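Have a look at the structure below, then the notes.
The values are calculated or read from the model by the stated rules, or taken from the named source; none is laboratory data. Values in this document were obtained by computation on a predicted structure and should not be read as measured data. Ideal geometry is used to build each Cβ from the backbone, glycine not excepted, and the neighbour counts take in all protein chains shown.
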Amino acid sequence: MSTTLRIGRSRILLELRQFFRDRESALFNFLLPVILLVIFGSVFANSEIGFEDVTFTQYFLAGMIASGILYTSFQNLAIAIPMEREDGTLKRLAGLPMPKASYFIGKVGMVFVAYIAQVILILVVGVLFFRIQLPTSPTHWFTFAWVSVLGLLSCTFIGIAYSVVPKQGKGASALVAPVVLVLQFTSGVFFIFTDLPEWMQAFASLFPLKWLTQAMRSVFLPDGAQVIEASGSWQLGWCAVALGIWTVGGFLIALRVFRWAPRGQL
Amino acid sequence: MYAIEVEHLRKVYGDVVAVDDVSFHVASGECLALLGPNGAGKTTTTEILEGYRKADRGTARVLGQDPGSAGLEWRSRLGIVLQSDRDLGDLTVRESVHHFAGYFPDSYDPDKVIERVGLVEKAKSRNAKLSGGQRRRLDVALGIIGRPEVLFLDEPTTGFDPEARHEFWALIEELKADGTTILLTTHYLDEAERLADRVAVIARGRIVACDTPGNIGDRSHARAHVSWEENGHGLSKETTEPTLLVQRLAERFGGEVPSLQVHRPTLEETYLELLKNEGES
């Protein structure tokens, strides 16, 4: 095993320990979707979305899994990295014989493991308390897998790039949380997407979350429910294109703007 | 063989000249202490040698390589203890030291290092819960874990109580005995005197003196201050020949000289005098 991968693996374990031990991060990035699912699932227990007997809770569950991707990757990293830049973590790492790639392997690995644990938790709570039916066909699970991978990669890279926006670690969450909230409100997480004004739908289509929620609905809602989508279809092809563009673009931007030292140093 | 070579180093931030023209050498296995007031250029010089900053002019070589372009193999031979770190708060001492050992090809045994820095009882504590001095000892543990050939210590004992400081000095002396080259920056003159083979005083981005702690600033040839008591009065005299004076006094008193004291300038006084001559204090 190469040094880069060996150190990368050791960093994944370290990152996970820190992720779950930091109470703010564990609550804000990991538990939030489950908490919201319990609240919304209980409040809208009897509302339906207008196709057969599909409940809003089912619709909302897809949105929460998509949001979970955004929380564990973008929100997590865009807040944690500015803190690391400020408290000396990054400076210490830059002074070690650590291949730079190992740091990013650690981040990506942490995001993937945290997301998998989060999805399992969401699904267990959904099945036990809200009578969510899990998909049975392998095609659906395959869609779930590739959408998750592309979603996590794109939002991880965007999070790493966005980490240069907050000037200080302390105020980072105030610059990140509103972005996440606006995307959630406009992307069909808290409201049925087709109930939103068209300009809002068009705005949301520029960002990954709209495509993630739509693709997750294709996994967790009956196939026939796509008639109530804006285009009358799940648009999985377009979803792959949008997430692919964000993944490649996010990677290139992150590579270009990432800094190890605080502003004005190095 | 020099482990560290610095020639005419210069670094400017905007219109502030942080390092003006600094040159010095540190031999392999030697400990050099960089002394100087805040803002004199100590940290900038050190950070250029650690590869964190690029010099505007001059050359720096650490273990024969340019820190600005040297690779990971070079980094694995260095140990760096930076100033005032607050990272790794959610990990325990033990987890941190074990994790950092994994970056180096030939690290020390992590548990032995925890023992050497005196943190055995705190090994399972979260780093955020450590006191200032304990936290500093953790930073030192993480700096030495890789068995460094060159160790950079930037104000390592800030916040230590006297006992911890003496334990720390013993640890550094062990590392010196193992042949580690050490560049120490410190505000404590007793620390420099105890640990350093040579001290370099830096002021306004220039080295104003560089010598052994005993000789710096012509300390060994400086005038001594001899004081004694005679007929109920305190008397004193500045002299370049204190031995001769004491001998004469002894003859005059026919034996013991009451309240005799011979005082040569301490390193601290010499240091302050050097800075005064530079218009620094």
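Are there any helices (runs of 4 or more DSSP H) wholly within the range B:83-152 with 2 or more residues that are more than 14 Å from chain A (Cβ to nearest Cβ), and if so which?
B:110-116, B:132-144
Can you run down the residue pairs with Cβ atoms below 6 Å, 6 or more apart or on separate chains, where the first is in the range B:58-73 and away from chain A (no Cβ under 12 Å) and the partner is outside any loop (DSSP other than H, G, I, E, B) and aromatic (Phe, Trp, Tyr)?
Correct list of pairs: B:Gln65/B:Trp74.
Name the residues in the range A:84-100 that are surrounded by fewer than 18 Cβ atoms within 10 Å (Cβ to Cβ) and closer than 23 Å to A:Tyr71 by Cα, would you?
The answer is A:Asp87, and nothing else.
Residues being in contact with a helix residue (DSSP H, G or I) (Cβ under 8 Å, 6 or more places away or on another chain) and closer than 15 Å to A:Phe191 by Cα: count how many of those fall in the range A:25-52.
Of the residues in that region, 10 qualify.
Test A:Gly126 against the criterion of being more than 21 Å from A:Ala172 (Cα to Cα), surrounded by 24 or more Cβ atoms within 10 Å (Cβ to Cβ) and either of a type outside the set (A, V, I, L, M, F, W, C) or in contact with a helix residue (DSSP H, G or I) (Cβ under 9 Å, 6 or more places away or on another chain) (or both), and give yes or no.
yes
Only one of A:Ser163, A:Ser218 is within 16 Å of A:Leu70 (Cα to Cα) and buried (at least 22 other Cβ atoms within 10 Å of the Cβ). Can you tell me which?
Testing whether each residue is within 16 Å of A:Leu70 (Cα to Cα) and buried (at least 22 other Cβ atoms within 10 Å of the Cβ) leaves just A:Ser163.
Which count do you get for residues in the range B:188-204 that are part of a loop (DSSP other than H, G, I, E, B), modelled with pLDDT of 90 or more and crowded, with 18+ Cβ neighbours inside 10 Å?
1
Consider the range A:185-201. How many of its residues are hydrophobic (A, V, I, L, M, F, W, C), in a helix (DSSP H, G or I) and closer than 13 Å to A:Ile49 by Cβ?
Within the range A:185-201, residues that are hydrophobic (A, V, I, L, M, F, W, C), in a helix (DSSP H, G or I) and closer than 13 Å to A:Ile49 by Cβ number 1.
Taking the range B:205-247 only, how many residues are of a type outside the set (Gly, Ala, Ser), outside any strand (DSSP E or B) and under 30 Å from B:Glu47 (Cβ atoms)?
Summing the residues that are of a type outside the set (Gly, Ala, Ser), outside any strand (DSSP E or B) and under 30 Å from B:Glu47 (Cβ atoms) in the range B:205-247 gives 5.
Quick test of your reading of the structure: A:Gln168 fulfils all but one of (1) in contact with a Gly (Cβ under 6 Å, 6 or more places away or on another chain); (2) among the polar types (S, T, N, Q); (3) part of a loop (DSSP other than H, G, I, E, B). Name the failing condition by number.
In the conditions (1) in contact with a Gly (Cβ under 6 Å, 6 or more places away or on another chain); (2) among the polar types (S, T, N, Q); (3) part of a loop (DSSP other than H, G, I, E, B), A:Gln168 misses (1) alone.
Just to verify a result, which residue in the range A:221-266, among those that are basic (Lys, Arg) and in a loop (DSSP other than H, G, I, E, B), is surrounded by the fewest Cβ atoms within 10 Å (Cβ to Cβ)?
The extreme case among them is A:Arg263.
In the range A:89-104, which residues are among the charged types (D, E, K, R) and more than 9 Å from chain B (Cβ to nearest Cβ)?
Across the range A:89-104, the qualifying residue is only A:Lys100.
Restricting to the range B:61-82, name every residue that is in contact with a Leu (Cβ under 9 Å, 6 or more places away or on another chain), under 16 Å from B:Thr46 (Cβ atoms) and assigned to a loop (DSSP other than H, G, I, E, B).
B:Leu63, B:Pro67, B:Ala70
So, in the range B:93-111, exactly how many residues are modelled with pLDDT of 95 or more, of a type in the set (D, E, K, R) and either touching a Leu at 6+ places or on another chain (Cβ under 7 Å) or farther than 16 Å from A:Leu14 by Cβ (or both)?
Residues in the range B:93-111 being modelled with pLDDT of 95 or more, of a type in the set (D, E, K, R) and either touching a Leu at 6+ places or on another chain (Cβ under 7 Å) or farther than 16 Å from A:Leu14 by Cβ (or both): 2 in total.
List pairs: first residue in the range A:145-173 and of a type in the set (Lys, Arg), second residue surrounded by fewer than 18 Cβ atoms within 10 Å (Cβ to Cβ) and assigned to a loop (DSSP other than H, G, I, E, B) anywhere in the structure, Cβ distance under 8 angstrom, at least six positions apart or on different chains.
From residues that are of a type in the set (Lys, Arg), the pairs are A:Lys167/A:Arg263.
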